[in-house]
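Remarks on the structure that follows.
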Amino acid sequence: MTERLSIEGVQTALSCPRKYEFAHVDGLEPDADGHDAATHVDLLGRSICAALWRGESDTDGVLEVATDRLASLWADHDERYHSLAQREHERTVLEATLRAYAEEFPSHAAGYQRLAADVDSDLLGPDLRLSRSVSVENADESADETSVHVDATVDYVFREGPSLVAVKFVPTLSSLGLLRYRSEWSGDVETQFRDHFDSDSDTFEPGLVGALFETSVVLAGLRDTRDRLGLEGRCRYVQLPLADRSQTAVNWIRGTAEMGLEACDLTDRYVDEISYAMSHEHRNETVDSQLAGVVGRLIRGEYAPGDRWTQIADAVCPRCDYAVCCPEYVADEVRFDG
Ligand code: SF4
């Protein structure tokens, strides 16, 4: 039997498995607030992918096509703003983001077109799916193991030197936590990852753990794609934030905006250099085995917060859209009131 899970679902379960049940099993939609950074990233991602699809390979070409595409998407985009001026300001910031992308990452478009010329396959999103297969034990231990495909999506793959690089547009890098500031697995990253799963530790880092799980899935899927297409080279995974307003400089008098973009290559944060040196495979068994453990619990329907309840109650419940219908949260509130 084969099942499928999205990496977003797995990441939700890392912050709270009950939340995963509400969102991904019961399909309960959280309230949308109408101002969603993810929506803006989607508009920008579609605009950039349109330029790559059109064959643009330099700064001017990417910027011209992406800006045109953004204009038509923006015309149909409905979002609640206080005023026309605020809506115009948002569009100015989005256009500044496209300009920053085209100027700071021209190698991406050129590398995508080089790759596209080599393969008879579109490695272009948005929502290009890459998957990793995970074997998990069933609740009934006598039954065969279940094979689960964990799916991640990226926006495009490009050639950089000998490497194949998968790029995903994200709102910000803030959810990466410590990963943003460390360049390798050994040391703080490894310690935080292991501590997150240690019931004797208070460490609770679903963002860091989820990003390492996502890196594992993307790299495995990219390696499969590389082999299927007869390509060679190391595989890498890069996140590129398109809605990080801390990087925005606005001139309110002139009505202009400047944007800075900072990409984060997650590959070396995930690769365990010791096992890599022995096997020359880009993998990390510590991360991969914990991924299989989390996926197994979800497949078996184990959604109770369990020994992570204290951390979840402190860090996740206060901002959770499902609190009103959540048995753990309601029971805790009643106990507190009593
Ligand atoms: S209220 Fe708390 S325990 Fe309930 S689903 Fe949300 S985060 Fe999880």
Next item on the list: Identify, from the list Glu285, Glu262, Glu281, Glu258, the residue that is surrounded by fewer than 16 Cβ atoms within 10 Å (Cβ to Cβ), modelled with pLDDT of 80 or more and more than 24 Å from Phe105 (Cα to Cα).
Entry: Glu285
Item checked: Residue satisfying condition, being part of a helix (DSSP H, G or I) and more than 11 Å from the ligand (Cβ to nearest atom), within set Asp332, Asp288, Asp314 -> Asp288
Next item on the list: Being surrounded by 14 or more Cβ atoms within 10 Å (Cβ to Cβ) and outside any helix (DSSP H, G or I) is the filter here, so list the residues in segment 170-185 that pass it.
Entry: Val170, Pro171, Thr172, Leu173, Arg182, Glu184, Trp185
Check: Tell me, which residue of segment 193-206 that is part of a helix (DSSP H, G or I) and crowded, with 18+ Cβ neighbours inside 10 Å is farthest from the chain's Cα centre (by Cα)?
Finding: His196
Margin query: Take the residues in segment 145-168 that are out of contact with any helix residue (DSSP H, G or I) (no Cβ under 7 Å at 6 or more places or on another chain) and either part of a strand (DSSP E or B) or not small (Gly, Ala, Ser) (or both); name whichever of them is farthest from Arg223 (Cα to Cα).
Written below: Glu145
Note to self: over 27 Å from Thr153 (Cβ atoms) and either modelled with pLDDT of 95 or more or among the β-branched types (Val, Ile, Thr) (or both): is that true of Asp60 in this structure?
What the structure shows: yes
Notebook entry, point to check: Residues in segment 5-15: is at least one surrounded by 20 or more Cβ atoms within 10 Å (Cβ to Cβ), of a type in the set (Val, Ile, Thr), at pLDDT 95 or above and within 16 Å of the ligand (Cβ to nearest atom)?
Noted result: yes
Checklist line | Qualifying position, being free of Cβ contacts under 8 Å to residues at least 12 places away in the same chain and not basic (Lys, Arg), among Asp155, Asp140, Asp151 | finding: Asp140
Notebook entry, point to check: Do any residues in segment 306-330 that are on the phi > 0 side of the Ramachandran plot have Cβ atoms under 9 Å from those of residues that are more than 6 Å from the ligand (Cβ to nearest atom) and not hydrophobic (A, V, I, L, M, F, W, C), where the two are at least six apart or on different chains, and which pairs are they?
Noted result: Gly306/Pro17; Gly306/Ser199
Item checked: Every residue from segment 294-338 that is within 25 Å of Glu214 (Cβ to Cβ), more than 23 Å from the chain's Cα centre (by Cα) and among the acidic types (Asp, Glu) -> Glu302, Asp307, Asp314
Note to self: The conditions are (1) assigned to a helix (DSSP H, G or I); (2) among the hydrophobic types (A, V, I, L, M, F, W, C); (3) within 22 Å of Glu103 (Cα to Cα), and Leu219 fails exactly one of them. Which is it?
What the structure shows: (3)
Notebook entry, point to check: What about Ala110, is it at pLDDT 95 or above and at negative phi?
Noted result: yes
Check: Of Asp76, Asp42, which residue is under 30 Å from Val217 (Cα atoms) and more than 16 Å from the ligand (Cβ to nearest atom)?
Finding: Asp42
Check: Quick check: is even one residue across segment 126-138 modelled with pLDDT under 95, over 30 Å from Thr203 (Cα atoms), under 18 Å from the mean Cα position of the chain (by Cα) and not aliphatic (A, V, I, L, M)?
Finding: yes
Check: Is there a residue in segment 67-85 that is surrounded by 17 or more Cβ atoms within 10 Å (Cβ to Cβ), in contact with a Gly (Cβ under 9 Å, 6 or more places away or on another chain) and of a type in the set (A, V, I, L, M, F, W, C)?
Finding: no
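The values are calculated or read from the model by the stated rules, or taken from the named source; none is laboratory data. Computed from a prediction, not measured in an experiment: that's the story for all the values here. Reconstructed Cβ throughout: ideal geometry from the backbone, glycine too, with neighbour counts over all protein chains shown.
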